[in-house]
Each structure stands twice: as structure tokens, then as C-alpha cells.
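The values are calculated or read from the model by the stated rules, or taken from the named source; none is laboratory data. Please read these numbers as outputs of a predicted model, since none were measured by experiment. Backbone-built Cβ (ideal geometry, glycine too); neighbour counts: all protein chains shown.
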Amino acid sequence: MATVYEANDLRLDRAVAIKVMPDALADNEEFSQRFVREARAAARLTHPNVVAIYDQGDDDGTLFLAMEYVAGRLTLRDVIRAEAPLSPQRALAIFEEILKAIAAAHESGIIHRDVKPENVLIDPRGRVKVADFGLARAIGSATTATATAGVLMGTVSYIAPELVTEGRSDARSDVYALGVLLFELLTGHKPHTGDSPIQVAYKHVHDDVPPPSTLADGLPPYLDAFVARATSRQRDLRPADAHVMLQQLKR
């Protein structure tokens, strides 16, 4: 939806990323308000694993965000394509850093709502940064999944069942997406596939995520159990938020 440019902050002499909303959407009040909410939500987060938001503005009708620039332009999707299935040690090392970022968001009352490999950046030193809180909403406010031109908000491969059936989400919806993400790191595959987004969404509602060990040899049983808890179709059976999930991972 938005375009991201590398730029230079002349005042502080540093590289930044500028996220610009397309002109075609700038006049749309719904999209403009969502863009501003992204800035306000993400700016509340200060954490080493979260891409920092420096500024938000309107330049003659063009809405933009000034963000931390992450060198290398490597995403977790690139890592999955090159390395998956990852070893449990490698997968968990990356996953723990993602969990820390989402846990910080949940502790600040924010849900990400679009956890996926494309929104995880890895710099040349291997540091993990979670980006694009463009779908983030304060947990205390009403959160409704909407469709625009037939496209579900949030990527369907990682969408929690309740977003499909109820159109509402909370921190446990992020937990579900995190469980799917870990499954993909460990196996190199998404748990549910189909010929259309609707088919994939249907499977999230009606089919359990299989144990990762059914697709990858040598995985310890605790990883199967960990993924199963996170991706339970009954959200009350999932960890309450990413912080709880992180504590369970460290046990």
C-alpha cells in the first residue's frame, strides 16, 4: 500500500526510511486516519527489536512516516527462502527476538495485526527488527477486520480464526500468527494453503495446524506442543499474549 524510500536526515545526518502513502489514498479519510494511527501506535514503542518511528507528517497532502533505516533490506522471507527448514536452534534464536518485539507492543497495549516474515527485517549484523505496525490498533479500542476490494486486512496465511469468523482481534491473534510463523521457520512450509485466500481462511477456522515434526525430522516434542498451544483455534487456550509466550519459550 505505501512506498518506502531510503533518505538522509539533513538535520541529524543519518539515514532514515520514509514511508509514503500513495497520492490515490491520501484523500481517503479512512486510510489517512489508519496511517496516522500507525505513527502514534508505533511511536509509543521503544525497543531494540522494533523499527523506531521518528516523525510523521503531511507534506502538501502527502502523508509520510520517518522511520529507523535498517541496512541490508533483508527480510525473514528471504531467510526462509534461502535456509528453511531452519534448525531448531537457528529458528528459535530468530523467533525469540521477534517475540520480544511483539511482547513489548502488547505490554504497551498495542497489537500488530500483521505478523508475517515480510515484516521482520534482519540487518547485516543479524539483528532482528519487527516493522510495519500499519495494522496496529490499541487493544482497548474496537478492532475490526475489514475487507477492501476483497482483500482481508492482515495476511491470510497468518490470520487467526477469530478474525475470519468474528472480525475482531486481540493479543492472542498475534500469538496465533507467531505460532504459524514458527511453524514455517521449522518446516519451510505454511501450515494451510489453498487456491484462494478464502480457502486458506477456511482452513484456519476448521483445521488444526499440524505438528511441525510431521514435516521436519528431528524436532523435539516440546516444539510441537509449543506451536500447538500458540495456534489453537480456541483463542482461550493460547498464551494470553506474546509476553506469556516468551516466558513459556524460556522454560
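Whenever a residue of the stretch 201-229 is under 15 Å from LEU182 (Cα atoms), its partners that are modelled with pLDDT of 95 or more and of a type in the set (S, T, N, Q), lying with C-beta atoms within less than 6 angstrom and at least six residues away or across chains, give the pairs VAL209/THR231; PRO212/THR187; LEU215/THR187; ALA216/THR187; LEU219/SER213; ASP224/SER213. Among the residues examined, VAL200 qualifies as within 16 Å of LEU163 (Cα to Cα) and in contact with a His (Cβ under 6 Å, 6 or more places away or on another chain).
Here GLN248 passes the criteria (1) buried (at least 16 other Cβ atoms within 10 Å of the Cβ); (2) among the polar types (S, T, N, Q); (3) touching a Pro at 6+ places or on another chain (Cβ under 8 Å) except the one numbered (1). Taken across the stretch 11-19, residues that are within 17 Å of the chain's Cα centre (by Cα), surrounded by 16 or more Cβ atoms within 10 Å (Cβ to Cβ), under 19 Å from ALA131 (Cα atoms) and of a type outside the set (D, E, K, R) do not occur at all. Candidates are the residues of the stretch 34-67 that are loosely packed, with under 13 Cβ neighbours inside 10 Å and either more than 20 Å from the chain's Cα centre (by Cα) or in a strand (DSSP E or B) (or both); the one that is modelled with the lowest pLDDT is GLY61.
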